[in-house]
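What follows is a set of notes on a single structure, which appears directly below.
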Amino acid sequence: MATALQNLSDYDASSFIDISEKRFGLVVADWNREITDVLSAGAYETLLKHGANPDNIFRNTVPGSFELTLGAQFLAQHDEMDAVICLGVVIQGETKHDDYICHAVAQGITNVALKFNKPVIFGLVTTNTLEQAWDRAGGKHGNKGVEAAVAAIQMLGF
Ligand SMILES: Nc1c(NC[C@H](O)[C@H](O)[C@H](O)CO)[nH]c(=O)[nH]c1=O
Ligand SMILES: CC(=O)[C@@H](O)COP(=O)(O)O
């Protein structure tokens with residue numbers, strides 16, 4: 001279902017588990033920082049809203065979305081880390097570079113989740129335009145950071 005038909009910030013919290021003792025890593029790309037900061041705030045506030053302890057949320061910044069995978073692995077490798085949320089914004093450029101980044105990050109994050117057998121969430125905004133990115137960072141389509149935090153909570157209750 002396209003994001004235009006499913007607001008990223010709409011969800012049903014009725015089945016959420018107690019996350020007060022869960023430890024979350026936030027890995028945030030510094031590229032497009034003015035947007036990724038909004039995604040990060042959305043994820044952080046959603047975790048707190050549903051009972052996470054702020055002392056158990058560990059935010060780290062990486063240079064760009066391509067580095068999200070290694071940043072996620074740095075955190076996921078620790079047994080005490082329960083879930084990792086990766087947040088970035090890749091906006092189509094003049095070349096195919098954005099395609100390579102997005103595909104590498106999607107596969108890389110999947111590999112880290114499978115390797116360490118824990119939720120590693122793909123919170124990557126992959127758009128054609130800056131406007132589309134803002135639409136998914138607190139705009140008309142909601143906040144991808146909220147969606148990513150909800151996915152982490154839901155997977156911890158799997
Ligand atoms: N163009 C975007 C990038 N590019 C940088 C890469 O992610 C990476 O940091 C670089 O290739 C060095 O390894 N990153 C984004 O997050 N968003 C973009 O739109
Ligand atoms: C994907 C990006 O925006 C950046 O890494 C490269 O853009 P471009 O393809 O215009 O060089």
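The values are calculated or read from the model by the stated rules, or taken from the named source; none is laboratory data. Small disclaimer: the values here were computed from a predicted structure and weren't measured. In this analysis, Cβ positions are derived from the backbone assuming ideal geometry, glycine residues included, and neighbour counts consider all displayed protein chains. Note: areas computed on protein heavy atoms with side chains; ligands, DNA, RNA excluded. Shrake-Rupley method; radii C 1.70, N 1.55, O 1.52, S 1.80 Å.
Table for the structure above
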| read-out | value |
| --- | --- |
| Net charge over other residues, Cβ less than 11 angstrom from the Cβ of N56 (K, R count +1; D, E count -1) | -2 |
| Hits among aspartates and glutamates - C-alpha to C-alpha of K115 under 13 Å, sequence gap 8 or more where chains match | D79 |
| Accessible area (Å², per residue) of the chain, counting only protein heavy atoms and a probe of 1.4 Å | 53 |
| Local electrostatic count at A83 - Lys and Arg +1, Asp and Glu -1, tallied over other residues with Cβ under 15 Å | -1 |
| Region 1-81 shape via C-alpha gyration tensor axes, a/c threshold 1.5 | oblate |
| Beta bridge orientation in the chain: antiparallel %, DSSP, nearest 5 | 10 |
| Percent of alpha-carbon pairs separated by more than 12 Å within region 119-158 | 57 |
| Helix-only [θ]222 nm of the chain, DSSP H runs n ≥ 4, -39500 (n - 2.57) each, per residue, nearest 500 | -13000 deg cm²/dmol |
| Value of D in µm² per second that Stokes-Einstein yields for region 30-158, Kirkwood Rh from Cα pairs, at 20 °C (1.002 mPa s) | 146 |
| Top of I57, I35, I17 by mean-square fluctuation, Gaussian network on the chain, Cα under 10 Å | I17 |
| Selected from G142, G51, G88 as most flexible by GNM, with the chain as the system and alpha-carbon contacts under 10 Å | G51 |
| Nonlocal amide H pairs with L8, under 5 Å, H built at 1.01 Å | G142, N143 |
| Lysines with Cα under 18 Å of K118, excluding same-chain neighbours fewer than 8 positions away | K22 |
| Computed over region 60-132, the ratio Rg/Rh where both radii use C-alpha atoms and Rh is Kirkwood | 1.01 |
| Relative contact order (%) - region 72-139, alpha-carbon pairs under 8 angstrom, separation at least six | 41 |
| Most fluctuating residue given options A72, A113, A29, as computed from a GNM of the chain linking Cα atoms under 10 Å | A113 |
